Amino acid sequence: MSQIDTAPSEALDPFLKQWFGIEDDELRSNPSCGYHHVIIGRPRRGLAAQMAALFGLALHARMGVAYRVAAATNLVKHLAHQSPVWKVFRPPP
Amino acid sequence: MHDGHEPPTNSTTAVAEQFWDHHHGNTESPRFWMAQALCRSAINRRVTGNPNEWPLEWFARLYGPLSKGLSLGCGVGNLERSMLDIGMCEEITGIDFYSKSIEIARERAQEAGYGDRLNYRVGDLNHLRIPSATYDVVFIHQALHHVVAIERLLARVARSLKPEGLVFVDEWTGPSMTGWTPEMVAVQSALYREVPREWRRYSEFVLPISADDLTEGIRSAAFLPAVRNFFGRSRSVPTAVTSRRF
């Protein structure tokens, strides 16, 4: 939405209706394809909770390295965005 | 329980804090996609079955009223005031990383007459300390995609809930900031080119990653598996999709 917010509202509405029709079809045929979710949950208890905690710890440890690399990469990108050189390549608003 | 200010943990989160302290009003703009009337109707319909019923109203109707709530990534406090307005909770604690947002949330709680029922504090969700078996419900609304330590946070959230407590999450679950493959970008770019040129803010599709907020989508793809791990009895409804056809 933030990338098409210059559209006039009378034209945007039919466009969005068409878009949501496509999305509805997509979700019907493949419910796992959503990029946004609403989730209601109750936590696991007892042994299941302990197993979940162990599994979560393992995942966290594995991902710890991955996110630090990602964070460092993006920090460099951020610093690049601050430089005057970057402005040459920035897309026009 | 730790109630003090937890400072930024590294330069990435410090940059993000600076960004959100200056852009805390972003989600209140009528241009924010979730505030657009047709988008709102579509999300409501997919979650609740009714285009006019918001997911949180639906949640309150099914599970409320409850006593103590916790709202993580509360921003300027819109969710908490709405929950008290509809009688979902008796009291709610809101936590956000951004001090300016917390300041505004406190002011608005006072203005709404909820000063004694809404408590706010600054806290980093990556290192959150919350009491065990205390809350009936924990709300996480568009905040988890800024969190790196998703598993640690969800483990603590699970422990903080009473035995029959609930978690309500409304969240971006798409690719992590570094997970956009060339194929994904190609699909999005093709879709964007279908939009009339005069409507486009940019000449080409721009990834939903902000150079000014380095936590945006930092580990969003890890979120659904982590929720399934900690919250076995869960119900998940997709609310929006990026089409893979075209």
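Values quoted throughout were computed directly from the atomic coordinates according to the rules given, and no laboratory measurement underlies them. Keep in mind it's a predicted model, so treat the numbers as computed, not measured. All Cβ positions, glycine included, derive from the backbone under ideal geometry; neighbour counts span all protein chains shown.
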Legend entry - Label-point separation in nm, A:V69 to B:K162, each point 7 Å along Cα→Cβ: 4.5 nm
Inset, instruction - Summarise the partner chain shielding of B:147-156 as one whole number: the mean count of Cβ atoms from other chains within 10 Å of each residue's Cβ. - result: 5
Legend entry - Point-to-point label distance, B:N50-B:E194, nm (Cα→Cβ direction, 7 Å offset): 3.2 nm
Legend entry - Orientation-averaged projected area, Cα convex hull of region B:53-116 (nm²): 4.1 nm²
Inset, instruction - Arrange B:T178, B:T215, A:T73 by Cβ neighbour counts within 10 Å, fewest through most, would you? - result: A:T73, B:T178, B:T215
Legend entry - Taking the C-alpha atoms of region B:90-246, convex hull volume expressed per residue in Å³: 155 Å³
Inset, instruction - Using a cut-off of 14 Å between beta-carbons, work out the net charge of the residues near B:Q110 (Lys and Arg +1, Asp and Glu -1, B:Q110 not included). - result: -1
Inset, instruction - Report ³J(HN,Hα) in whole Hz for each residue of region B:53-59, in order, from the Karplus equation J = 6.51 cos²θ - 1.76 cosθ + 1.60 where θ = phi - 60°; Gly and Pro get x. - result: 9, 6, x, 5, 5, 4, 4
Inset, instruction - Using a Förster distance of 35 angstrom, determine the FRET efficiency expected from the C-beta separation of B:R61 and B:T134, and round it to 0.05. - result: 0.90
Inset, instruction - Quote to one decimal, in nm, the extra length available between A:A49 and A:N30 on full extension: 0.36 nm per residue of separation minus the C-alpha distance between them. - result: 3.8 nm
Legend entry - Charge tally in the Cβ shell below 10 Å around B:P51, where Lys, Arg are +1 and Asp, Glu are -1, B:P51 excluded: +2
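Counting Lys +1, Arg +1, Asp -1, Glu -1, what net charge surrounds B:G179 among other residues with beta carbon under 13 Å of its beta carbon?
Computed value for this residue: -1.
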Legend entry - Peptide B:188-201, shielding by other chains (average Cβ, 10 Å cutoff): 3
